[in-house]
Amino acid sequence: MNVVPNSSLDAEHVLRMKVAACTLMLVHEKCMNYSGHVSARLPDGVTFLIQPIDVPRSGLRPDDLLVCDLDGKVLRGTPGAKAPAEVALHAEILRARADVNSVAHFHHDLTNSFTLVEDMPLRIVKNHAIRWRSGMPVHADPAHVATPELGRAVANTLGAHHALQIRAHGQVVTAESVEAVLTDSIHFVENAQAMHNACVIGRLAPLSEDDMESFAKYFKRGRHVDKLWRYYIESGQAAGVIPADWQI
Ligand SMILES: [Zn+2]
């Protein structure tokens, strides 16, 4: 029997609340709906938390979360609970990218619209979207990421970038923490919405390399992530979306 140290259990307990809160807020902010999931790498580096296939994203609780290995196999969880159909997407990205500790996958239609038109790829139009200045690739295969092979294909498309879109399907956002994946997921959708709005008004003028460099010069990512996390947790608790006694 594997013995899990108490300190690891404490860290897991906090991480469970963070994954649940992140999911609840992505639903509340209308980035995620009936499908999608957030994962978080556990301190051992080779297992991760993810929600079961059939628990509503709008009611997720910390104890619902499963512990899976990098093959997507469920190691711990409510008896009979199954991993999501797309667990391999999370597992293969976490396997391929040691710098990634949290992955969000959701299916936001307006954002995904940019994978459905010719000559109008998603561009960087909001300052915080410089997170993706290296690129926002589009994975051509719209299939559910239901096998390790398909998961590896998505991880290959992601490469060293921090987000991608799956054509006619949805988004994948990666970050160093659950707090950061919430912040980045919201900014990813905001950027697409801003681009859509700008295109309605007139000819698009996305940020230039100079614009991005200027913003990056004074941007403090850690402070920004902390600020947004506090904002979303407090507004979620005030709205009754996140239980008030979650210490996160
Ligand atoms: Zn999906």
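The values are calculated or read from the model by the stated rules, or taken from the named source; none is laboratory data. Just so it is clear, the model here is predicted, and its values are computed rather than measured. With ideal geometry, Cβ positions are generated from the backbone for all residues, glycine too; neighbour counts draw on all protein chains shown.
Counting just the residues of the range 27-41 that are aliphatic (A, V, I, L, M) and under 20 Å from residue 91 (Cβ atoms), which one comes out nearest to the ligand (Cβ to nearest atom)?
Taking the range 27-41 and keeping what is aliphatic (A, V, I, L, M), we get 27, 32, 38, 40.
With under 20 Å from residue 91 (Cβ atoms) added as a condition, the list becomes 32, 38, 40.
Numbers: 32: 10, 38: 13, 40: 18 Å.
Among residues in the range 27-41 that are aliphatic (A, V, I, L, M) and under 20 Å from residue 91 (Cβ atoms), the one nearest to the ligand (Cβ to nearest atom) is 32.
On the given criteria, is residue 104 touching a residue at least 60 places away in the same chain (Cβ under 8 Å) and either under 18 Å from the mean Cα position of the chain (by Cα) or farther than 30 Å from residue 202 by Cβ (or both)? Steps first, please.
On the way: touching a residue at least 60 places away in the same chain (Cβ under 8 Å): yes; either under 18 Å from the mean Cα position of the chain (by Cα) or farther than 30 Å from residue 202 by Cβ (or both): yes.
Criteria met by residue 104.
Could you say whether any residue in the range 147-160 is surrounded by 17 or more Cβ atoms within 10 Å (Cβ to Cβ), at pLDDT 95 or above and in a loop (DSSP other than H, G, I, E, B)?
no
Checking residue 134 against (1) under 24 Å from residue 20 (Cα atoms); (2) among the polar types (S, T, N, Q); (3) part of a loop (DSSP other than H, G, I, E, B), only one condition comes out false. Which one?
Among (1) under 24 Å from residue 20 (Cα atoms); (2) among the polar types (S, T, N, Q); (3) part of a loop (DSSP other than H, G, I, E, B), residue 134 violates only (1).
Taking the range 88-100 only, how many residues are surrounded by 16 or more Cβ atoms within 10 Å (Cβ to Cβ) and out of contact with any Phe, Trp or Tyr (no Cβ under 9 Å at 6 or more places or on another chain)?
Residues meeting the conditions: 8.
Considering only the range 139-177, how many residues are over 21 Å from residue 121 (Cβ atoms), away from the ligand (no atom under 14 Å from the Cβ) and hydroxyl-bearing (Ser, Thr, Tyr)?
1
Scan the range 52-81 residue by residue and report those that are away from the ligand (no atom under 16 Å from the Cβ), in a loop (DSSP other than H, G, I, E, B), surrounded by fewer than 19 Cβ atoms within 10 Å (Cβ to Cβ) and more than 18 Å from the chain's Cα centre (by Cα).
71, 73, 78, 79, 80, 81
Go through 190, 234 for me and flag whichever is exposed (fewer than 15 other Cβ atoms within 10 Å of the Cβ), within 29 Å of residue 59 (Cβ to Cβ) and at pLDDT 95 or above. Let's see the steps before the verdict.
Details: 190 fails: exposed (fewer than 15 other Cβ atoms within 10 Å of the Cβ).
It is 234.
Six or more apart or on different chains, Cβ atoms under 7 Å: show the pairs whose first residue is in the range 30-47 and outside any loop (DSSP other than H, G, I, E, B) and whose second is hydrophobic (A, V, I, L, M, F, W, C) and surrounded by fewer than 22 Cβ atoms within 10 Å (Cβ to Cβ).
Listed pairs, sorted by first residue: 47/67; 47/75.
Name the residue that is farthest from the ligand (Cβ to nearest atom), counting only residues in the range 82-106 that are closer than 22 Å to residue 61 by Cβ and assigned to a loop (DSSP other than H, G, I, E, B). Spell out the reasoning first.
Of all residues in the range 82-106, those closer than 22 Å to residue 61 by Cβ come to 82-87, 90, 101-106.
Narrowing the set further to residues that are assigned to a loop (DSSP other than H, G, I, E, B) leaves 82-86, 101.
On the way: 82: 16, 83: 13, 84: 9, 85: 8, 86: 5, 101: 20 Å.
The qualifying residue farthest from the ligand (Cβ to nearest atom) is 101.
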